[in-house]
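One structure is given below, encoded as structure tokens.
The values are calculated or read from the model by the stated rules, or taken from the named source; none is laboratory data. Bear in mind that the values here come from a model prediction, so they are computed numbers and not experimental data. For neighbour counting, all protein chains shown are included, and Cβ atoms are generated from backbone atoms with ideal geometry for every residue, glycine included. These area figures cover heavy atoms from the full protein model, side chains too; ligands, DNA and RNA do not enter into them. Shrake-Rupley method; radii C 1.70, N 1.55, O 1.52, S 1.80 Å.
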Amino acid sequence: MKIPSTPTRLTAIAALFLSTAVSGQTVPSAAELAQQGDDPAWAITEGLTTEIGPRQAATEAEAAARRWGVKRLTEMGFQNVREEPFMMQTWVRGAEEASLTGPFQPQKLHITALGTSASTGPKGLEGDVVYFASYDALVAAPDNLVKGKIVCIDHQMKAAQDGSGYGQYGRARFTGANVAAKKGAVAVVIRSIGTDSHRNPHTGGTNFEAGVKPIPAGALSNPDADQVVRQWKRVEAGQAAAPMRMKLLLTPQNLGQQRSGNVIAEVPGSDPAASPVIVACHLDSWDLGTGAIDDAAGCGIITAAAKHVMTAGQPRRTIRILWAGAEEVGVFGGKAYFDAHGKEKHAVALESDFGADRVWRVDFKLPDSAKALSDRIAAAVAPFGVVRGKQPANGGADIGALVQAGVPAVDLAQDGTRYFDLHHTPDDTLDKIDPAQLRQNVTVWAATLAILANSTNAELP
């Protein structure tokens, strides 16, 4: 494959990677990657998790994170750094308790409320349990089997490099409570949407249709879900004279309209008429952990890559950095960005929101005019263990509206094998970040971003 000559303004990083791809040199070691100076990625990830910690949307913690972000991005030399606020309905958790109360010896369970869950009230509620092995089994169940019961939804999610099970099995969390409420359930508990075996339940949002009254909804840790299944099988086999019963205490609150916001910064391009490249992450996190893999690392990765491009020389196109707010609870920041900027032309969009393990695949959704551009990117990242995918890029949640509106996209897909062991749990903490894999992310991102930011109008809109 012939690689076109590198424009003079193309960053030194991309030039290095392109020459490596052409010459067939081996992938650099971790030490060599470290020498390329991606300290900003670790500094942002460590700083955000250490100085701010959990950053649930529209809380004071998220506001503190925005202030922290504006200060940090300004100090790093980015331009046009600002906060773009928006208002949103805000939910916060309260007390969380669960226990099996019959027919066997009472046992406590580890549970966490799902976002938008209703409250049981301060006294809690107790009821008979009806178990479903899958979301689809609940959907197919007659209403009279569910009415007045606490519904338990199971699944069989397994770890996968591309995280492909999340969409299929995540339905139990996304809309399981809505289905159960419409059938008359008094509450719902699900097996956590995760692949670990720790007694750490995984939180996350659930959604109720307009007109459906929310019910209490929680996620059990996987070992506790196993316990429910074992007891249910005994009851079904006639080994107990009484039904399975559960007691729940979930007391979340709705705080009404509260302020959230996006943080935006830019690397100004040399051609003001050229449409910008947008790179995104999300600043907020769930409140159980410190949001290291989800998504402080993503903010570190995209910002470090943009910093490398800026340091090496002014790119042709402006690079716009979006630290989106309120992604976890409904992609409110991505929607707010689209409302404010969706009519502007964007050259291409990218997002990092799948942890910090190494990038292993690159996917494209680019116009036909960008074939040579995609070839250059694929060649540049290949020496770092990144293969070219065969499916179109989807862009990610916070840039999803842009991509749906026709903005081209590139996905730098990370290895998700262990992501759902940690996702939305108290275990999402800084010690789970592998510095060597974080460096590989920044290296791949910097090479890709440098090429995209110096693309011509004939290649990208």
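Checking the condition in contact with a strand residue (DSSP E or B) (Cβ under 9 Å, 6 or more places away or on another chain), in contact (Cβ under 8 Å) with a residue 24 or more places away in the chain and open to solvent by 20 Å² or more (accessible area, probe 1.4 Å), which residue from THR303, THR318 passes? Give the steps one after another, and end with the answer.
Details: THR303 fails: open to solvent by 20 Å² or more (accessible area, probe 1.4 Å).
Criteria check complete, one pass: THR318.
Open to solvent by 20 Å² or more (accessible area, probe 1.4 Å), touching a helix residue (DSSP H, G or I) at 6+ places or on another chain (Cβ under 8 Å) and of a type in the set (D, E, K, R), is that true of ARG199?
Spelling it out, ARG199 is indeed open to solvent by 20 Å² or more (accessible area, probe 1.4 Å), touching a helix residue (DSSP H, G or I) at 6+ places or on another chain (Cβ under 8 Å) and of a type in the set (D, E, K, R).
Does LEU125 fit the bill of being in contact with a helix residue (DSSP H, G or I) (Cβ under 9 Å, 6 or more places away or on another chain) and surrounded by 17 or more Cβ atoms within 10 Å (Cβ to Cβ)?
Working: in contact with a helix residue (DSSP H, G or I) (Cβ under 9 Å, 6 or more places away or on another chain): no; surrounded by 17 or more Cβ atoms within 10 Å (Cβ to Cβ): yes.
The answer is no for LEU125.
Out of the residues in the range 107-122 that are assigned to a loop (DSSP other than H, G, I, E, B) and among the hydroxyl-bearing types (Ser, Thr, Tyr), state the one that is farthest from THR251 (Cα to Cα). Full working, then the answer.
Our first condition is that a residue be assigned to a loop (DSSP other than H, G, I, E, B); within the range 107-122, this holds for 110, 114, 116-122.
Checking the rest, the ones that are also among the hydroxyl-bearing types (Ser, Thr, Tyr) come to 116-117, 119-120.
Numbers: THR116: 11, SER117: 9, SER119: 5, THR120: 6 Å.
Looking at residues that are assigned to a loop (DSSP other than H, G, I, E, B) and among the hydroxyl-bearing types (Ser, Thr, Tyr), I get THR116.
Go through the range 421-442 and report how many residues are open to solvent by 10 Å² or more (accessible area, probe 1.4 Å) and in a helix (DSSP H, G or I).
Selection size over the range 421-442: 10.
Kindly state which strands (runs of 3 or more DSSP E) lie completely within the range 348-419 and contain at least 3 residues that are open to solvent by less than 30 Å² (accessible area, probe 1.4 Å), under 23 Å from GLY333 (Cβ atoms) and at pLDDT 95 or above. Full working, then the answer.
On the way: elements: 348-351, 359-365, 409-414.
Strands (runs of 3 or more DSSP E) meeting the threshold: 348-351, 409-414.
Of everything in the range 48-62, what is part of a helix (DSSP H, G or I), touching a Lys or Arg at 6+ places or on another chain (Cβ under 7 Å) and not charged (D, E, K, R)? Give them in sequence order.
Start the filter on the range 48-62 by keeping residues that are part of a helix (DSSP H, G or I), which leaves 48-52, 60-62.
Remaining after also requiring touching a Lys or Arg at 6+ places or on another chain (Cβ under 7 Å): 61-62.
Of everything in the range 48-62, just one residue is part of a helix (DSSP H, G or I), touching a Lys or Arg at 6+ places or on another chain (Cβ under 7 Å) and not charged (D, E, K, R), namely ALA61.
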